[in-house]
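**Q** Sending over a structure as C-alpha cells; questions will come in a sec.
The values are calculated or read from the model by the stated rules, or taken from the named source; none is laboratory data. It should be emphasised that the depicted structure is a prediction, and the values quoted were computed from it without experimental measurement. In this analysis, Cβ positions are derived from the backbone assuming ideal geometry, glycine residues included, and neighbour counts consider all displayed protein chains.
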Ligand code: GLV
C-alpha cells in the first residue's frame, strides 16, 4: 500500500510532482489556512506531513496522527509546531535553517531604511496626489542609518548577517545574545541597554517561552524618543498593544514583517499608523530562497518517510542527540 502524505498548503505543481510518484498525496488548496479538524482527519492514516507557518501543528493534532513518521515544515522557525509533543511521540520535525539567512537580513536592513527614510509613507503620499511643489527643503525628512546606533537582539545567523550588512553603513552596532557572542564591530551589552541606548532595535531571536514579548512594554518605553523597532522574527516577540500605544503617540517608529495574528485583521490598529512600515511576512520571499527552503523541506520529508535521519532536524532528541 502506498504511504499517505498530507501537504497542508498549495505548492506549485512541478514542485510536488516528484512526491506524487512515491506517495499518495492529500493537498490542501483552500485560500485560507487548513482548518485543524480537516488536518486531523487527513492525518488519521498519513505517514508524512509537509506544512508551513500558516498551519499550527498542535499537541492534539499530533496525538491523533498515529501513523505519522515525519513533520516537515517549509520554515526555519518551528514555533507553530508543538515540538515537545512531537518529540514525546518520537516524530522528527524537519525545518530549513541556513538558506533564508541572507534574504531575511536584507529585509531587516530594508525595513530600517524604509522606516527611517519614510519610504512607504512617501510612496502613499505621492499616490494620493499631494506632491504639488517640486523639491522642498523640508519634505518628508527622516534620519540617517549611517549616524544611527543600531541594536541587534539575538546574534544567531540572521542577526550576524544583519550586522555584516550594517557594518557597510558605518553605524554603531550594539548587540545582545542569550549566550554571549563576540562579533566583529559589535559592542556586547545588556538587553536593557540595547533597548535604551539605540536609535534602531532589530529583533532576531527565535520565538521560545523565554523570548515571548522580549520587546516588553517596559523595554519599549525605555527606547529613545524617535527610535525605530524592526521585527522580522515573530510577532509574539513584541508586546504589540504597548507598541501600538508608542506608535500612536508618535514616540516610536516601526518596521514590521511579522505579527502575532497572521494574516493581520483588516481593522487592525497597525494599519492606520503612518509611522509603521508593514509587510506580510515576506522575510524569506525571494524566488531562490523559497526554492531552497522547499528543496530542504522535501529532503527532510523523504528521509522521514523512508525511516532515515532528517538532514535538518529541529528535535534531534528523537535520535538520542542533544538539541
Ligand atoms: C520564517 O519566518 C521562517 O521561520 O522560515
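**Q** Being within 27 Å of residue 76 (Cβ to Cβ) and in contact (Cβ under 8 Å) with a residue 12 or more places away in the chain narrows it down to one of 252, 191, 273, so name that one. Show your work before the answer.
**A** Values: 252 fails: within 27 Å of residue 76 (Cβ to Cβ); 273 fails: within 27 Å of residue 76 (Cβ to Cβ).
191 is the lone residue from the list that is within 27 Å of residue 76 (Cβ to Cβ) and in contact (Cβ under 8 Å) with a residue 12 or more places away in the chain.
**Q** Still on this structure: Take residue 26 and decide whether it is under 30 Å from residue 168 (Cβ atoms) and either assigned to a loop (DSSP other than H, G, I, E, B) or touching a residue at least 12 places away in the same chain (Cβ under 8 Å) (or both). Walk me through how you get there before you give the answer.
**A** On the way: under 30 Å from residue 168 (Cβ atoms): no; either assigned to a loop (DSSP other than H, G, I, E, B) or touching a residue at least 12 places away in the same chain (Cβ under 8 Å) (or both): yes.
For residue 26, the condition - under 30 Å from residue 168 (Cβ atoms) and either assigned to a loop (DSSP other than H, G, I, E, B) or touching a residue at least 12 places away in the same chain (Cβ under 8 Å) (or both) - is not met.
**Q** Across segment 206-244, what is the total count of residues that are assigned to a loop (DSSP other than H, G, I, E, B) and away from the ligand (no atom under 12 Å from the Cβ)?
**A** Let us first name the residues in segment 206-244 that are assigned to a loop (DSSP other than H, G, I, E, B), namely 206-214, 216, 223-227, 232-234, 239.
Now drop any that are not away from the ligand (no atom under 12 Å from the Cβ), which leaves 208-214, 216, 223-227, 239.
Counting residues in segment 206-244 that are assigned to a loop (DSSP other than H, G, I, E, B) and away from the ligand (no atom under 12 Å from the Cβ) gives 14.
**Q** Given the residues 288, 266, 322, which is the only one that is within 21 Å of the chain's Cα centre (by Cα) and part of a loop (DSSP other than H, G, I, E, B)? If you could, list the steps in order and put the result at the bottom.
**A** On the way: 288 fails: part of a loop (DSSP other than H, G, I, E, B); 322 fails: within 21 Å of the chain's Cα centre (by Cα).
Every option except 266 fails the conditions.
**Q** Let me ask something additional. Does residue 154 satisfy being farther than 16 Å from residue 114 by Cα and in the same structural domain as residue 242 (by TED's automatic domain parsing)? Can you show your working first?
**A** Numbers: farther than 16 Å from residue 114 by Cα: yes; in the same structural domain as residue 242 (by TED's automatic domain parsing): yes.
Yes: the conditions hold for residue 154.
**Q** Looking at (1) touching a strand residue (DSSP E or B) at 6+ places or on another chain (Cβ under 6 Å); (2) away from the ligand (no atom under 15 Å from the Cβ); (3) under 25 Å from residue 25 (Cα atoms), which is the only condition residue 297 fails?
**A** Every listed condition holds for residue 297 apart from (2).
**Q** Tally time: how many residues in segment 244-253 are surrounded by fewer than 23 Cβ atoms within 10 Å (Cβ to Cβ) and within 20 Å of the chain's Cα centre (by Cα)?
**A** Residues that pass the stated criteria total 1.
**Q** While we're here: Kindly provide the set of residues from segment 300-323 that are touching a strand residue (DSSP E or B) at 6+ places or on another chain (Cβ under 8 Å) and surrounded by fewer than 17 Cβ atoms within 10 Å (Cβ to Cβ), ordered by number.
**A** 311, 319 - these are the residues of segment 300-323 that are touching a strand residue (DSSP E or B) at 6+ places or on another chain (Cβ under 8 Å) and surrounded by fewer than 17 Cβ atoms within 10 Å (Cβ to Cβ).
**Q** Are any of the residues in segment 270-277 away from the ligand (no atom under 15 Å from the Cβ), assigned by TED's automatic domain parsing to the domain that holds residue 52 and loosely packed, with under 15 Cβ neighbours inside 10 Å?
**A** no
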